[in-house]
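Peer 1: To start, I am sharing the structure in question, which I have written as structure tokens.
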Amino acid sequence: MSPDGSMRPPLISGTEPDGIRQAARILLEGGVVGIPTETVYGLAANALDPNAVAKVFALKGRPRFDPLIVHVPALASAVELASRFPVQARRLAERFWPGPLTLVVDKAPCIPDIVTAGLPRVGLRVPAHPVAQALLQEVRIPLAAPSANPFGKTSPTSAHHVWSDFQGRVPVVDGGLCAHGIESTVVLVPGDGAPPLLLRPGAVSLDALQDTVGTVLLADHEQALRPPSPGMLARHYATDTPLHLDPQELPGQRLGWLGLGLPESPERFAVIESLSPRGDLLEAASNLFGAMRRLDAAGLEAIWAESVPDSGIGRAINDRLRRASARTAPSP
Ligand code: TXA
Ligand code: MG
């Protein structure tokens, strides 16, 4: 509760210099802060301080085998955190940074093992959100930040989502609604002549990646890397209410619907969440997690999520829906 006794979250303002300074102070003292990015909100800590990073794992209930993305203000800072930055990574960075792309490259020794879950590579990203940028420039340290949701659950696209997920236990900088609303595309760049590997589809499409660096392999095709990226876990981004992609599996009572446009038989559904009435996939992505959360709070027996066209950012939307519908829980 805030000091006036209301349930209004005492969010830190992302638009006031005082807010940025306050958040920076908490981070420099080894604390954890919810921060906005253009994809989803992150739960940030000093990436160079293993104790601070451990707090993020504990708050999220995240298994220690799942590495965190490190956020930096610019390409030059990313290069300092890599033991080498292959030419393909540089091309991708120059085209898509600042923006919703994470590059997984060989890590520099200064990155603590807890950040990369003991892996020899680190995921690096330069966020475009002006509040994330202002904060990174104020703190002058790299920020490790997973999405700011309890492990395996739906990602947050507003400061209020973060506040309610952690019941006020984490200070949150308010930067408004996330423009993309779906996580960054994660690409591993081996740098040994092998093609880059798409570990997680996201806001930057596969086509856009291939336009920039030629062939990009899909991680599903790459059995050699185990486990390449825990974001590939079968069950993730999940609602508590069962979510089905196959309408045959639906129970009869109090159903919710999620999809582009509108359902064919609207009378079957107690709640309908149209991701984009005009069928725009970018708009759909930005509404996805908010719509999943509203359906989850509506006391439904089940949700039917209709897949969207698998092009552009539609691939990332379908990926999140598939994982949210998977029955197998993530192994700890
Ligand atoms: O848009 C985003 O990426 C958001 C914002 C806050 O930046 N962050 C985010 O973090 O989605 P998280 O932790 O929820 O997802 C990060 C994904 C996971 O699938 C993780 O396994 C993968 O990136 N990842 C991070 N570092 C990695 C590494 N060194 N090797 C392989 N995969 C890595
Ligand atoms: Mg996540």
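Peer 1: Which trypsin sites (Lys or Arg not before Pro) does segment 1-105 hold that lie in a coil by DSSP with at most 16 other beta carbons within 10 Å?
Peer 2: Numbers: sites: 21, 25, 55, 60, 64, 84, 90, 91, 95; in loops: 64, 84.
Loop-located and lightly packed - 64, 84.
Peer 1: Also: Tell me, what HN-Hα J-couplings in whole Hz come from the Karplus equation 6.51 cos²θ - 1.76 cosθ + 1.60 at θ = phi - 60° for each residue of segment 74-82, using x for Gly and Pro?
Peer 2: Those phi angles translate into 7, 3, 4, 6, 5, 4, 5, 9, 10 Hz.
Peer 1: Right, next: Under a 10 Å cutoff between Cα atoms, tell me which one of 40, 271, 162 has the largest fluctuation in the Gaussian network model of the chain.
Peer 2: Between 40, 271, 162, it is 271 that shows the largest mean-square fluctuation.
Peer 1: What do you get for chymotrypsin sites (Phe, Trp or Tyr not before Pro) in segment 65-157 restricted to DSSP loop and a cutoff of at most 16 other Cβ within 10 Å of the site's Cβ?
Peer 2: Details: sites: 65, 96, 151; in loops: 65, 151.
Those satisfying the criteria are 65.
Peer 1: For n ≥ 4 DSSP H runs only, could you compute -39500 (n - 2.57) per run for the chain, divide by its residues and tell me the 222 nm figure to the nearest 500?
Peer 2: Values: 10 runs with 96 residues, N = 332.
Theoretical 222 nm ellipticity from helices: -8500 deg cm²/dmol.
Peer 1: How much of residue 39 can a 1.4 Å solvent probe reach, expressed as accessible area in Å² and rounded to 10?
Peer 2: The accessible area comes out at roughly 10 Å².
Peer 1: Considering the chain as a Gaussian network with a 10 Å cut-off on Cα pairs, which listed residue, 94, 264, 306, attains the greatest mean-square fluctuation?
Peer 2: Ranking 94, 264, 306 by mean-square fluctuation puts 264 first.
Peer 1: Sort segment 243-325 into rounded, prolate or oblate with this rule: let a ≥ b ≥ c be the square roots of the eigenvalues of the Cα gyration tensor; rounded if a/c is under 1.5, and if a/c is not under 1.5, prolate when a/b is larger than b/c, oblate otherwise. Let's see the in-between values first.
Peer 2: Numbers: a/c = 1.66, a/b = 1.53, b/c = 1.08.
Prolate.
Peer 1: In debye, nearest 20, what is the charge dipole magnitude of the chain about its Cα centre with +1 on Lys and Arg Cβ and -1 on Asp and Glu Cβ, if you could check? Display every interim value, and only then the final one.
Peer 2: Details: 30 positive and 33 negative charges, 141 e Å.
So the dipole magnitude of the chain works out to roughly 680 debye.
Peer 1: If you plug each phi of segment 150-165 into the Karplus form 6.51 cos²θ - 1.76 cosθ + 1.60 with θ = phi - 60°, what whole-Hz ³J(HN,Hα) values come out, in order, with x for Gly and Pro?
Peer 2: Once θ is set to phi - 60°, the couplings for segment 150-165 become x, 3, x, 9, 4, 6, x, 10, 9, 4, 5, 4, 5, 4, 6, 4 Hz.
The values are calculated or read from the model by the stated rules, or taken from the named source; none is laboratory data. In this text the structure is predicted, and so the values were computed from the model without any measurement. Cβ coordinates were reconstructed from backbone atoms using ideal geometry, including for glycine residues, and neighbour counts include every protein chain displayed. Heads up: the accessible areas ignore ligands, DNA and RNA and are worked out on the full protein's heavy atoms, side chains in. Shrake-Rupley method; radii C 1.70, N 1.55, O 1.52, S 1.80 Å.
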